[in-house]
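Heads up: the structure comes next, in structure tokens.
The values are calculated or read from the model by the stated rules, or taken from the named source; none is laboratory data. Keep in mind the model is a prediction, meaning the values are calculated, not measured. Here the Cβ is made from the backbone with ideal geometry for all residues, glycine too, and neighbour counts use every protein chain on show.
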Amino acid sequence: MEKRYTLEELLTVRLAHTFHDGEVGFTGLATGKAAATYITNIPLAAMQLARLTHAPDLTILLAGWCVNPDLSALTRLPSSEYGNELLNLPCEAQMTTWPGPWSHRIGEIDFAFCSGVQVDPEGNINCTCIGSHEKPKVALVGPIFLPEHLAVFGREYIMMPHHEKRCFTKQIDHISGVGFPGGRAGRKALGLTGNGPCKIFTPLCIFSFDEEGKLFVESIHPGVSAQDVIDHTGFDLGDLSTVPETEAPSDEELALLRGSVDPGRILLGADEP
Amino acid sequence: MTTANKKLISLREAAALVPDGANMSFSGFAETNNPLSFVREMIRTGKTHLEISGMGDAQSVELLCGAGAVDLVRVSNYMAKNGRCPNFCRCAQQGTIRTEDYSHFGITNRFFAAAMGIPFMPVKVMIGSDLCEIQNFDKDRKVMEFDDPFSGERCGIVPRLAPDFAVIHVARADAEGNCQLYGITSSIEIIARAAKHVIVTAEEIVDTEEIRRTNQFTILPSFFVDYVVHCPFGAYPGGVFTYYDYDLEHLDLITRSGKSPDTMEAYFDEWVYGTKDEAAFFDKVGIRRLMDLRADPYSGVSLRNRRQFL
């Protein structure tokens, strides 16, 4: 089937629609191709698209410290969080003590993006270890800033580059970031001031969280069947027969994305749809 | 505090100040501002049983873990350019190091309490997660759930953490210990205030007159600093803003070598044990490589290193 757009463009445009004017959006700088595409590039492109359309006063906090960078000045992706090319990227402010304790007031960041190797149906995320903590089968990169993302940011988009059974599991090996243990009430009792996870974007579908804080499938991407989603998820998703298809981007949105947001195809890659 | 005229010492003297088993914190985040000359000297002189309290000082900790110098690591984020840090992860998986996990704000608030001289700090992170549930060598001294006595609001508290030594790489320092750095400083100010002893390694040693003339770049006044060491290219193979880029090839060499203890040992034999000091190390790196890494004053990056200009 011939497609007008890539998977990355589909996710970017859907994300952009969920941002509001005046919000502050945070994205870290991930390394490694799949992680970088999902945690850094798609969010950056989506925020810039929103700024060019319905949210001109949205603030982009790149890597937590680079405020409203001129993304069109990028000739290549920044390769290190404090690399010299990022320090020289035109922007409005650099928060020099990032990620120290006083770089942002709690409540200032409206939304952010994170990822991990495992997610459970309550939206808890693991990025610390596979296996037991005492003797891990695989030690990962450490909690990083994930606990903050899930605890104090307004809402969190979980960006999962791989939709596989081992990534979406009933029980995760380490709760590094807290979703809704014991539902929204359970989360509230912990005193966490952020609203926790709001959506999960994967190559197959978009998940959201219901009033109880339980994950459900909000939409399934064009060309993906409900059975594909079920087969690649390690816990029960219920009946998916009435789940709608993820809305495709319009020609105008694609033109803006390719012409203005990412003219050099730095963020979303050069692959043809 | 040490008096000014004794502060400027050699790298060997500075490394000798650190006893085995010391609790260390290093400057640097990602590939920038890591005091790697100091770290190599620690490895050459065979430090062991170290305790690390870090936020993102991955490059330093990765080398020290590879050299078997570390017992305990408080970790928030150890990420190499290509993902995981192989030496750190191997040691954690084999149980030769014990780890205690913190979030960025979790560990920096422990430093912050020490920096302020107060016993603990309230936090809004880690509670409800396994960072709170799993307490290893910091058991009962890590994070505790707590109700704010004023409002009743649920939060967590973390106790102060004062490392024995903070080792910090900066751009310029004078002999009295006034330190300058341009751009991002990350955890430098906080670990310098939290630590019991502060050792600074500097790209350049300048006159105090020069510091006075450009005082807006001074991030640490001298009274926070105990010792100063002149270490040009002291963050190599990492980088320093406006000085030089990180060396991707050498960082990759470390990551590749870290895949097994044998290849890592071979790396150390060739590059660290095989060079008697940092001068010999940089002779081996070669003047051509170092010159190619120098930052272009206008773009801030090395155009040669990035193959944008030959």
**Prompt:** Does B:Phe223 meet the test of being farther than 26 Å from B:Arg289 by Cβ, in contact with a Leu (Cβ under 9 Å, 6 or more places away or on another chain) and surrounded by fewer than 21 Cβ atoms within 10 Å (Cβ to Cβ)?
**Reply:** no
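Hey, any hits in the range A:46-55 for a residue that's assigned to a loop (DSSP other than H, G, I, E, B), away from chain B (no Cβ under 14 Å), closer than 20 Å to A:Ala16 by Cβ and not polar (S, T, N, Q)? Steps first, answer last, please.
Taking the range A:46-55 as the starting set, the residues that turn out to be assigned to a loop (DSSP other than H, G, I, E, B) are A:53-55.
Narrowing further to those that are away from chain B (no Cβ under 14 Å): A:53-55.
Those left that are additionally closer than 20 Å to A:Ala16 by Cβ: A:53-55.
When the remaining residues are screened for being not polar (S, T, N, Q), the result is A:54-55.
Looking for residues that are assigned to a loop (DSSP other than H, G, I, E, B), away from chain B (no Cβ under 14 Å), closer than 20 Å to A:Ala16 by Cβ and not polar (S, T, N, Q), one finds at least one in the range A:46-55, hence yes.
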**Asked** Which condition number in (1) touching a strand residue (DSSP E or B) at 6+ places or on another chain (Cβ under 6 Å); (2) farther than 18 Å from A:Asn126 by Cβ; (3) more than 9 Å from every other protein chain (Cβ to nearest Cβ) is the one that B:Val123 fails?
**Response** (3)
**Prompt:** If you check B:Tyr182, B:Tyr267, which single one turns out to be more than 14 Å from chain A (Cβ to nearest Cβ) and surrounded by fewer than 24 Cβ atoms within 10 Å (Cβ to Cβ)?
**Reply:** B:Tyr267
**Request:** Being part of a helix (DSSP H, G or I) and surrounded by fewer than 17 Cβ atoms within 10 Å (Cβ to Cβ) is the filter here, so list the residues in the range A:1-34 that pass it.
**Result:** A:Lys33, A:Ala34
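Answer yes or no as to whether B:Arg256 is free of Cβ contacts under 8 Å to residues at least 40 places away in the same chain, closer than 25 Å to A:Leu87 by Cβ and surrounded by fewer than 16 Cβ atoms within 10 Å (Cβ to Cβ).
Numbers: free of Cβ contacts under 8 Å to residues at least 40 places away in the same chain: yes; closer than 25 Å to A:Leu87 by Cβ: no; surrounded by fewer than 16 Cβ atoms within 10 Å (Cβ to Cβ): yes.
Considered against the rule, which asks whether it is free of Cβ contacts under 8 Å to residues at least 40 places away in the same chain, closer than 25 Å to A:Leu87 by Cβ and surrounded by fewer than 16 Cβ atoms within 10 Å (Cβ to Cβ), B:Arg256 comes out as no.
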**Request:** List every residue pair whose Cβ atoms sit under 6 Å apart, with the two residues 6 or more apart in sequence or on different chains, where the first one lies in the range A:242-260 and is assigned to a helix (DSSP H, G or I) and the second, anywhere, is β-branched (Val, Ile, Thr) and surrounded by 14 or more Cβ atoms within 10 Å (Cβ to Cβ).
**Result:** A:Glu253/A:Val13
**Message:** Of everything in the range B:155-169, what is away from every other protein chain (no Cβ under 13 Å), among the hydrophobic types (A, V, I, L, M, F, W, C) and not in a loop (DSSP other than H, G, I, E, B)? Give them in sequence order.
**Reply:** B:Phe165, B:Ala166, B:Val167, B:Ile168
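Just checking: which of the strands (runs of 3 or more DSSP E) contained wholly in the range A:87-169 hold 1 or more residues that are touching a helix residue (DSSP H, G or I) at 6+ places or on another chain (Cβ under 7 Å)? I'd like the intermediate steps shown before the answer.
Details: elements: A:111-114, A:129-131, A:136-139, A:155-159.
Because the criterion is at least 1 residues that are touching a helix residue (DSSP H, G or I) at 6+ places or on another chain (Cβ under 7 Å), the strands (runs of 3 or more DSSP E) in the range A:87-169 that meet it are A:111-114, A:136-139, A:155-159.
Among the candidates B:Leu64, B:Leu72, single out the residue that is surrounded by fewer than 24 Cβ atoms within 10 Å (Cβ to Cβ) and assigned by TED's automatic domain parsing to the domain that holds B:Arg193.
Working: B:Leu64 fails: surrounded by fewer than 24 Cβ atoms within 10 Å (Cβ to Cβ).
Step by step, each of B:Leu64, B:Leu72 is checked, and only B:Leu72 is surrounded by fewer than 24 Cβ atoms within 10 Å (Cβ to Cβ) and assigned by TED's automatic domain parsing to the domain that holds B:Arg193.
Does the range B:189-201 contain at least one residue that is out of contact with any helix residue (DSSP H, G or I) (no Cβ under 7 Å at 6 or more places or on another chain) and buried (at least 24 other Cβ atoms within 10 Å of the Cβ)? Can you show your working first?
Initial filter on the range B:189-201 (out of contact with any helix residue (DSSP H, G or I) (no Cβ under 7 Å at 6 or more places or on another chain)): B:189, B:195-197, B:200.
This time we only want the ones that are buried (at least 24 other Cβ atoms within 10 Å of the Cβ), so: B:195, B:200.
Yes, some residue in the range B:189-201 is out of contact with any helix residue (DSSP H, G or I) (no Cβ under 7 Å at 6 or more places or on another chain) and buried (at least 24 other Cβ atoms within 10 Å of the Cβ).
Restricting to the range A:134-173, give me the number of residues that are of a type outside the set (D, E, K, R), over 15 Å from B:Tyr78 (Cβ atoms) and within 11 Å of another protein chain (Cβ to nearest Cβ). Let's see the steps before the verdict.
Narrowing the range A:134-173 to residues of a type outside the set (D, E, K, R): A:136, A:138-147, A:149-154, A:157-163, A:167-169, A:171-172.
After this cut, where a residue has to be over 15 Å from B:Tyr78 (Cβ atoms) as well, the list is A:147, A:149-154, A:157-163, A:167-169, A:171-172.
Retained after the next criterion (residues that are within 11 Å of another protein chain (Cβ to nearest Cβ)): A:147, A:149-153, A:172.
Matching residues across the range A:134-173 total 7.
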**Asked** Would the range B:103-118 turn up any residue that is within 9 Å of chain A (Cβ to nearest Cβ) and part of a loop (DSSP other than H, G, I, E, B)?
**Response** yes
**Request:** Being at pLDDT below 90 and either at the interface with chain A (Cβ under 10 Å from one of its Cβ atoms) or surrounded by 17 or more Cβ atoms within 10 Å (Cβ to Cβ) (or both) is the filter here, so list the residues in the range B:284-303 that pass it.
**Result:** B:Ala295, B:Asp296, B:Tyr298, B:Ser299, B:Gly300, B:Val301, B:Ser302
